[in-house]
1. Restricted to the stretch 367-395, and to residues that are small (Gly, Ala, Ser) and within 15 Å of the chain's Cα centre (by Cα), which residue is modelled with the highest pLDDT?
2. Hey, does the stretch 203-226 have a residue that's at pLDDT 70 or above, in a helix (DSSP H, G or I) and more than 26 Å from residue 357 (Cα to Cα)?
3. Quick test for you: out of 174, 125, pick the one residue that is within 22 Å of the chain's Cα centre (by Cα), β-branched (Val, Ile, Thr) and within 24 Å of residue 380 (Cβ to Cβ).
4. Looking only at residues that are in a helix (DSSP H, G or I) and at pLDDT below 95 in the stretch 8-37, which one is farthest from residue 171 (Cα to Cα)?
5. Which residue, of 164, 149, is buried (at least 16 other Cβ atoms within 10 Å of the Cβ) and not in a helix (DSSP H, G or I)?
6. Out of all the residues in the stretch 40-91, which are in contact with a Phe, Trp or Tyr (Cβ under 7 Å, 6 or more places away or on another chain), among the aliphatic types (A, V, I, L, M) and assigned to a helix (DSSP H, G or I)?
7. Would a scan of the stretch 47-65 turn up a residue that is exposed (fewer than 12 other Cβ atoms within 10 Å of the Cβ) and either under 30 Å from residue 287 (Cβ atoms) or among the basic types (Lys, Arg) (or both)?
Amino acid sequence: MSLILTHRKKPSRFYASVLALYLVLSVVNWLPFIDNNLVRFFKYFTYVFIFLYEVNHFKIRYPSNYLSVIGLILILLSMIPGLVLSMDFNALIDIFIPFTVIWILNYKKEFYYDVLYRASLTVAIICFLSIFSAFTGIMDFQANGPWFSSFSAAGFGGYPTGYSNSLFLFIPFIVYKYRIANRKIISKETVIILIIISAQYISGGRAGLLASLFVIFIGFRASFILKVFLIILIAFAFQSENVQRHFRITNAGKNRYERNLDEISSGRLYLDKYYYEKFLKRPLFGYGFGEKEEMELSLDAHIIWLRNVVDGGLIYFFFLLYFFIEIFKKIRNNFTLKREERKFFYILFFSTLIITFLEPNYLIGSVQGEFVYWFLISLLLKRERTISNPSLNEKMLS
């Protein structure tokens, strides 16, 4: 893997603004008085602009052989049987974007971190406005098209779960910024985090909120006693009927064990059991990435790995799984990462991994909503050294 040049011309302010905008759009699925298709098209158009700008100014760099065009082709070939069975163009986008993101972002990492921090501030403002709307009813716009949640309930995300999960991806980064700046508990980063998790709570998105609390518990510099106290406080809060109703946890403790678990999981266990049985009947090539006539249920399996193996079969699944394994190996062996960056990666990787066992679309399946994840993974894959002599840079890259 080549080391990245650090003396190239700085990206323009316009490009920095566009990149920050696209990061903010990861939590936006609709906007008032604007057609949803236009919002979706604008997001795709913005990403294409970002990709072309990066390629033109900073070129493409492949982290490894598999994390290159080779790996992309292998996964696309493994998808062919599933696409023939049931075509879905979005399934292709969900593969193209992660690969192309890790090939770009080859300027200084600090530039991209600064852009993401500015985007985080904007996201916090959106969260604050949605919280304000929840308490006052002001600006409580109703979502357009297929989205059903109002602005007060899930911002511009459109539905609670996806909104909360997308918001979560800003939390590990803000905690990282908090740590490297050696902030005290009361700081700007703390305020941003409190605003975001408050919006997550109001949305009712459980997986994203729990992941945020986990990252805060692991990453924040606070006494162990304070952390234990907060856990006890949260545990007591979840005993409240209002909290259980808000997070769709009903009838816990009133029926037999298996039914309790299914109710607490909002039916996820039943879905996952159903799709696992379907997978066993057609394990090699799956049922396809689009609509499936063989399925009696309209909802997907709520484990992203199970959903993908049902869609594309085992061959596709193994190539996809190796994609994540290769990412983990390359970042773990990236000797240029600072100590805090390495901790940041482990927290990000494993917390998002947990969410993939709770959701049907995460990391792969709704990649524009998780663009922040791939943005950060791309940066953590980069081996960057600052060398004062440009000629030495050129020799190292030759």
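1. First, the residues of the stretch 367-395 that are small (Gly, Ala, Ser): 369, 378, 388, 391.
So of that shortlist, the ones also within 15 Å of the chain's Cα centre (by Cα) come out as 369, 378.
Working: 369: 90, 378: 98.
Among those that are small (Gly, Ala, Ser) and within 15 Å of the chain's Cα centre (by Cα), it is 378.
2. Yes.
3. Values: 125 fails: within 24 Å of residue 380 (Cβ to Cβ).
Within the list 174, 125, the selection yields 174.
4. Selected residue: 37.
5. Values: 164 fails: not in a helix (DSSP H, G or I).
The match here is 149.
6. 50, 72, 74, 75, 79, 83, 85, 91
7. Going through the stretch 47-65, the residues exposed (fewer than 12 other Cβ atoms within 10 Å of the Cβ) turn out to be 48, 52, 56, 65.
Of the ones still in play, those that are also either under 30 Å from residue 287 (Cβ atoms) or among the basic types (Lys, Arg) (or both) are none.
There is no residue in the stretch 47-65 that is exposed (fewer than 12 other Cβ atoms within 10 Å of the Cβ) and either under 30 Å from residue 287 (Cβ atoms) or among the basic types (Lys, Arg) (or both).
The values are calculated or read from the model by the stated rules, or taken from the named source; none is laboratory data. Being a predicted model, the structure only gives us computed values, none of them experimental. So basically every Cβ, Gly included, is an ideal-geometry build from the backbone, and we count neighbours across all protein chains shown.
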